[in-house]
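Engineer: Questions regarding the structure given below will be posed in turn.
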Amino acid sequence: MATWQDEPGAREWRQAVDTADRVHGPGVPPGELPGYRQGCAAIDEVVRLLADPIVPGALTAARSAMRRALRVMPQSGPDQLCYEQRWRGRHRWDGPLQVCARPTCGRCLPLKAAAEVEAARAHDPAAAR
């Protein structure tokens, strides 16, 4: 079964965007992303709940907190579907920022955050200092 990578030009496109990513840099450091801080707080809650697992409901609450952390914590690299989503939407980009819509993509979240910071600086010159 063919995948998006088997389409004409896909492999060359991926090599080009990987090169552009290396040249551009990562954007905002992952530790400064709100999802990272929220995920760390949820993991702290998991550790606290697992410290005394005989407390009624502690294990269930710990599992819930772990799922919450996984929903917001950025990945260490691109999401599995990041490349495919960007390949499929490459003709629709409205600007230089080509990012996927995956909520925890380790490639795109830092770039989106950096773009938001630059946009805020452009609207408020005092914020640039």
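Engineer: How much net charge surrounds P103 when only the other residues with a Cβ under 10 Å from the Cβ of P103 are counted, with Lys and Arg +1 and Asp and Glu -1?
Structural biologist: +1
Engineer: Quick one: what does P(r) look like for the chain with 5 Å bins over all Cα pairs, in whole %?
Structural biologist: 2, 10, 15, 17, 15, 12, 11, 8, 6, 4, 2, 0
Engineer: Separate question: Counting only protein heavy atoms and using a 1.4 Å probe, what share of the accessible area of the chain belongs to carbon plus sulfur, as a whole percent?
Structural biologist: With neighbouring chains kept in place, the figure for the chain is 57 percent.
Engineer: Taking Cα pairs under 8 Å and at least six residues apart, what relative contact order does the chain come out at, in percent?
Structural biologist: 26
Engineer: Show me the helices of the chain, taken as full DSSP H stretches, that run 18 Å or more along their long axis by Cα and average -0.5 or above in Kyte-Doolittle hydropathy.
Structural biologist: 34-50, 58-72, 108-123
Engineer: Using a Förster radius of 41 Å, what is the FRET efficiency between Q5 and V55 based on their Cβ-Cβ separation? Nearest 0.05, please.
Structural biologist: Given R0 = 41 Å and the Cβ-Cβ separation, E is 0.25.
Engineer: So, by mean Cβ neighbours within 10 angstrom, what's the order for 78-89, 60-71 with the highest one leading?
Structural biologist: By packing density, highest mean first, the sequence is 78-89, 60-71.
Engineer: A follow-up question, please. If a/c stays under 1.5 just call it rounded; otherwise compare a/b with b/c (prolate if a/b is bigger, oblate if not). Do that for the range 1-50, with a ≥ b ≥ c from the square roots of the Cα gyration tensor eigenvalues.
Structural biologist: Since a/c reaches 1.5 but b/c is at least a/b, the shape of the range 1-50 is classed as oblate.
Engineer: So what is the accessible area of the range 3-77 per residue, in Å², with the probe set to 1.4 Å?
Structural biologist: 69
Engineer: How far apart, in nanometres, would the label points at T104 and R37 be if each is projected 7 angstrom from Cα along the Cα-to-Cβ direction?
Structural biologist: Label at T104, label at R37, 2.0 nm between them.
Engineer: Tally Lys and Arg at +1 and Asp and Glu at -1 over the other residues with C-beta under 15 Å from the C-beta of R22: what net charge comes out?
Structural biologist: 0
The values are calculated or read from the model by the stated rules, or taken from the named source; none is laboratory data. The structure presented is a predicted model; accordingly, all values stated were derived computationally and were not measured. Neighbour counts are summed over all protein chains in view; Cβ atoms, including those assigned to glycine, are modelled from backbone coordinates with ideal geometry. Accessible surface areas use protein heavy atoms only, side chains included; no ligands, DNA or RNA. Shrake-Rupley method; radii C 1.70, N 1.55, O 1.52, S 1.80 Å.
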